[in-house]
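What follows draws every value from the coordinates through simple rules; no lab data is involved. Predicted, not measured: the structure shown is a model, and the values here were computed from it. Neighbour counts are summed over all protein chains in view; Cβ atoms, including those assigned to glycine, are modelled from backbone coordinates with ideal geometry.
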Number of protein chains: 2
Amino acid sequence: MHLFWEHGYEATSLAMLREAMGLTPPQIYNAFTDKETLFRRALTRYHETEIGFALDALSAPVSTREAIRLLLLGAAEAYSRPGKPGGCLFVSGALAASPQAQAIADELKSYRKASEAAIAERLAKGRAVGDLPEGFSVESFAKYIAGVMNGMSIQARDGASVEELRIMAQTALAALPPEEQKRGA
Amino acid sequence: MHLFWEHGYEATSLAMLREAMGLTPPQIYNAFTDKETLFRRALTRYHETEIGFALDALSAPVSTREAIRLLLLGAAEAYSRPGKPGGCLFVSGALAASPQAQAIADELKSYRKASEAAIAERLAKGRAVGDLPEGFSVESFAKYIAGVMNGMSIQARDGASVEELRIMAQTALAALPPEEQKRGA
DNA sequence: CAGGTTTCGTATCGATCACTATGGATAATT
DNA sequence: AATTATCCATAGTGATCGATACGAAACCTG
């Protein structure tokens, strides 16, 4: 997973994987069928072990603004963990790919789209309970937040520290409309 | 340039380049020495022909806020030009790379760092003339703006339209502190 | 302890990578 | 017009890619 995270799908050779896992080629193929399946397993593992912060933030019983804040700060931390490759595997894994690896690139794109959709869902919920103003576009803002997270991923890859990413998250948060008073309260 | 832009440095094979340029391998090597040099030429050409908007925006005789607005809107347009690959070559070219191509990845990283530095320079100029409040951190905000542009590049690659990117740009701009009255005026 | 089976690592597969040597066609010179 | 020189595409170089055939070693059974 770390190799794919660091070098991307195509640039990670079986020789590197073999050495890292201490397995012989037949053992790898016996366990994972082929390189593509192994990568998908790595994606699943990454999803389960590295980015729980996202689901946590979006499902936390807090205001919409606070949920987005938790999401961005969680990303700042997750994208700059010591001993781990910088950024997000879903971004670094195959942003550009050869025609042969188009399926992999599309899969990663669908992960990113799913993240954006999850953000949009949380924003829609927020608008439903009056956390957000009337004219607020859920889709547009979700695209902004998802885009900022993608940008943080690249900044992390370029060496940004967790503090720098947190500041970027806080800055991005300033674009959110101010918390509204609930009319009923 | 388009091939590198679309598929990245390593995933673009000489066979693809040969077909696209209508040249034989020796002609390519006679003209460009090797693949790495050809890629660097493509980077230079990209810089000259595709992202003039950035220098234009940062050197325009307008307020700092307006300059950043022009920068982000220019990116929205440049990252989604019809008939061109989505996003920015400096991001897509080699976000992740094999150990052999580390030099290329580093070169692209330095391009991104240079962009961020250019933004920081413009912000510093803005603060010097009183466009920005006292406590404003030039470096942090430059990292935010550069990060947002990188994020726009990925959103563009994921199929975002120019309108969607413009909205993202406008949203990002809301994080900028409001234009200050010049004390002397 | 012998025989049969299964497991597993080495050595290699064909394909493709970036890259180049060489033979043939063309052009220039005597 | 004959000969030499120059160019240039084809064909192939070693290396590495993902993936596997095969022989040796180990193990369980009788």
In degrees rounded to 10, the 0-90 angle between helix B:102-128 Cα long axis and the longest Cα principal axis of chain B is 20
Diffing the range A:32-39: the Karplus 3J(HN,Hα) column from phi (6.51, -1.76, 1.60, θ = phi - 60°), in whole Hz with x for Gly and Pro, holds 10, 6, 7, 4, 5, 5, 4, 4
Which distances, in nm and shortest first, link the B:R18 label point to the same label point in every other copy, taking 7 Å along Cα→Cβ? 2.8
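Using only alpha carbon pairs under 8 Å that are at least six residues apart, calculate the relative contact order of the range B:2-173 and give it in whole percent.
Value for the range B:2-173: 28 percent.
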Copies compared at A:Q170 - label distances in nm, ascending, label defined 7 Å from Cα in the Cβ direction: 2.9
The alpha-carbon center of the range A:61-121 and that of the range B:76-115 are separated, in whole Å, by 18
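Given a Förster radius of 25 Å and the C-beta distance between B:H47 and B:M21 as r, what FRET efficiency does 1/(1 + (r/R0)^6) yield to the nearest 0.05? List each step's numbers first, then the result.
Numbers: r = 20 Å, r/R0 = 0.79.
Step by step, r from the Cβ atoms, then E = 0.80.
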About the Cα centre of chain A, how large is the charge dipole given +1 on each Lys and Arg Cβ and -1 on each Asp and Glu Cβ? Please answer in debye to the nearest 20. 180
On average, how much area does the Cα convex hull of chain B cover when viewed from any direction, in nm²? 11.6
Could you please report the charge total around B:L71, scoring K, R as +1 and D, E as -1 over all other residues with beta-carbon less than 10 angstrom from its beta-carbon? 0
Could you check the spin-label model distance between B:Q100 and B:K113? Points 7 Å from the Cα along Cα→Cβ, value in nm. 2.6
Take the residue pairs A:K84/B:K109; A:K109/A:K143; B:K84/B:K143 and return only those whose Cα atoms are more than 24 Å apart. B:K84/B:K143
Given the rule -39500 (n - 2.57) for each run of at least 4 DSSP H residues, summed and divided by the residues of chain B, what is its mean residue ellipticity at 222 nm, to the nearest 500 deg cm²/dmol? -21000 deg cm²/dmol
With Cα atoms, 0 to 90° folded angle of helix A:138-157 axis to chain A main axis: 50
How much net charge surrounds A:L14 when only other residues with a Cβ under 13 Å from its Cβ are counted (Lys, Arg +1; Asp, Glu -1)? -2
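Quick one: net charge of A:I119's neighbours, Cβ under 15 Å, K/R +1, D/E -1? Please list the in-between numbers first.
On the way: positive: A:R65, A:R69, A:R112, A:K113, A:R122, A:K125, A:R127, A:K143; negative: A:D56, A:E66, A:E116, A:E121, A:D131, A:E139, B:D158, B:E164.
Net charge around A:I119: 0.
Assuming R0 = 51 Å, what is the FRET efficiency of B:Q170 and A:D34, from their Cβ-Cβ distance, to the nearest 0.05?
Values: r = 45 Å, r/R0 = 0.88.
For B:Q170 and A:D34, the calculated efficiency is 0.70.
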Once the in-chain neighbours fewer than 8 apart are removed, the aspartates and glutamates whose Cα is under 15 Å from B:K125 read B:E66, B:E116, B:E134, B:E139, B:E179, B:E180
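For the range B:86-185, give the magnitude of the charge dipole about the Cα centre (Cβ charges: +1 Lys/Arg, -1 Asp/Glu; no others), in debye to the nearest 20. Intermediate values should be presented prior to the final figure.
Details: 11 positive and 12 negative charges, 34 e Å.
It works out to roughly 160 debye.
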For the protein assembly as shown, fraction of C-alpha pairs farther apart than 39 Å, in %: 18
